[in-house]
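The values are calculated or read from the model by the stated rules, or taken from the named source; none is laboratory data. Quick caveat: nothing in here was measured; it's all calculated off a predicted structure. In this analysis, Cβ positions are derived from the backbone assuming ideal geometry, glycine residues included, and neighbour counts consider all displayed protein chains.
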Amino acid sequence: MAVVLKYRGRSVSASDVSFISALIAQHPRLSRRALSFKLCEAWNWVQANGSPRDMVCRGLMLALHRAGHITLPPVRQIARIDLASPEKPAPIEIRQSPIFGGLKELRPLEIRQVRRRPEEALVNSLIESYHYLGYTQPVGEHLKYLVRAHDRPIACFCWSSAVRHLFPRDQHIGWSIEARRANIRYVAYNSRFLILPWVKIPHLASHLLGWMARELSREWEKVYAHPVYFAETFIDITRYRGTCYRAANWVYLGETTGRGKDDQTKRANRPIKEVLGYALVNDFRRRLGATS
């Protein structure tokens, strides 16, 4: 059957459009959000942890609406969020006296996954205040970690869903388009790594990266009911050399194009970055390349 539209890897046929139109007609009083939950239920469209893929489903329905294939009910409520200037995390004051010495003196380290926990606000604040990129709210699956030593915050990690198209990574893994669509959720993106500027401990960064390599997949499975097999990150080489990643055995995969995911000009409009990757399991190519 002819494909009417493709959205986030899902092909929508004419019969799918007819089904959605009938669903809307059967529930004329439901909001767009409520209709998306109905469609997720009808299609059994869920995440690995069983939650409905509500946001993706809403995006699909909106794309069909804008293309004239279906007619959605009017928007009932506009979220009061300024997408151009989203609210920034509030500053949280912490002790900033210098921390010197070696790893031995710093131990024991406490490394906690803080997503959906009270300490998440502290991670957001520290990233906003001290990371050169600032804080951006992740979309999709993501985890956040706070590292403490002697009850003082010393470092943070943010991990999120991997970008869908990344040539150096895709070439390194060697997966097909179908395999990438099916298995992209098994790749995690290290979007932020911060060691607070007053913490001066040799080899701390590579030590923490080694810990993450051992523990990330286990924690991801606790939250999202599936593991991750490969990790990736970007290094802005105008600022950093990525020494700690290389010391932790991350591998150089190539460079970004500098165009961004929504580029329409095919010209670089942002810094070109190095792409580094790390295999969390030995047989990552076999697992990520599977299509069934």
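Tabulated data for the structure shown
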item: Residue check, SER21 of a type in the set (Ser, Thr, Tyr), in a helix (DSSP H, G or I) and either touching a Phe, Trp or Tyr at 6+ places or on another chain (Cβ under 8 Å) or closer than 17 Å to VAL75 by Cβ (or both); result: no
item: Residue match in the stretch 33-49 (condition: free of Cβ contacts under 8 Å to residues at least 60 places away in the same chain, basic (Lys, Arg) and assigned to a loop (DSSP other than H, G, I, E, B)); result: no
item: Exclusive hit being over 19 Å from the mean Cα position of the chain (by Cα), more than 19 Å from LEU276 (Cβ to Cβ) and touching a residue at least 12 places away in the same chain (Cβ under 8 Å), set TRP198, TRP211, TRP175; result: TRP198
item: Residue tally, condition under 21 Å from SER18 (Cβ atoms) and either surrounded by fewer than 16 Cβ atoms within 10 Å (Cβ to Cβ) or not assigned by TED's automatic domain parsing to the domain that holds SER21 (or both), over the stretch 38-61; result: 5
item: Only listed residue being surrounded by fewer than 20 Cβ atoms within 10 Å (Cβ to Cβ), within 16 Å of TRP159 (Cα to Cα) and of a type outside the set (Gly, Ala, Ser), chosen from TRP211, TRP198; result: TRP211
item: Selection from the stretch 121-135 of residues that are free of Cβ contacts under 8 Å to residues at least 40 places away in the same chain and either surrounded by fewer than 15 Cβ atoms within 10 Å (Cβ to Cβ) or touching a Lys or Arg at 6+ places or on another chain (Cβ under 6 Å) (or both); result: ALA121, VAL123
item: Some residue of the stretch 14-34 being in contact with a strand residue (DSSP E or B) (Cβ under 6 Å, 6 or more places away or on another chain) and either surrounded by fewer than 14 Cβ atoms within 10 Å (Cβ to Cβ) or not hydrophobic (A, V, I, L, M, F, W, C) (or both); result: yes
item: Among the residues listed as GLU105, GLU93, GLU110, the single one being of a type in the set (D, E, K, R) and modelled with pLDDT of 95 or more; result: GLU110
item: Out of ARG192, ARG169, sole residue that is buried (at least 18 other Cβ atoms within 10 Å of the Cβ), modelled with pLDDT of 95 or more, assigned to a helix (DSSP H, G or I) and among the charged types (D, E, K, R); result: ARG169
item: Residue list for the stretch 1-20, filter: within 17 Å of ILE177 (Cβ to Cβ), among the hydroxyl-bearing types (Ser, Thr, Tyr) and either touching a residue at least 12 places away in the same chain (Cβ under 8 Å) or touching a helix residue (DSSP H, G or I) at 6+ places or on another chain (Cβ under 6 Å) (or both); result: TYR7
item: Checklist (1) in contact with a Lys or Arg (Cβ under 8 Å, 6 or more places away or on another chain); (2) crowded, with 18+ Cβ neighbours inside 10 Å; (3) part of a strand (DSSP E or B) applied to ARG148, failing item; result: (2)
item: Within the stretch 35-66, considering residues that are aliphatic (A, V, I, L, M) and within 30 Å of LYS222 (Cβ to Cβ), the one modelled with the lowest pLDDT; result: ALA48
item: Criterion violated by GLU178 - all others in (1) surrounded by 14 or more Cβ atoms within 10 Å (Cβ to Cβ); (2) on the phi < 0 side of the Ramachandran plot satisfied; result: (1)
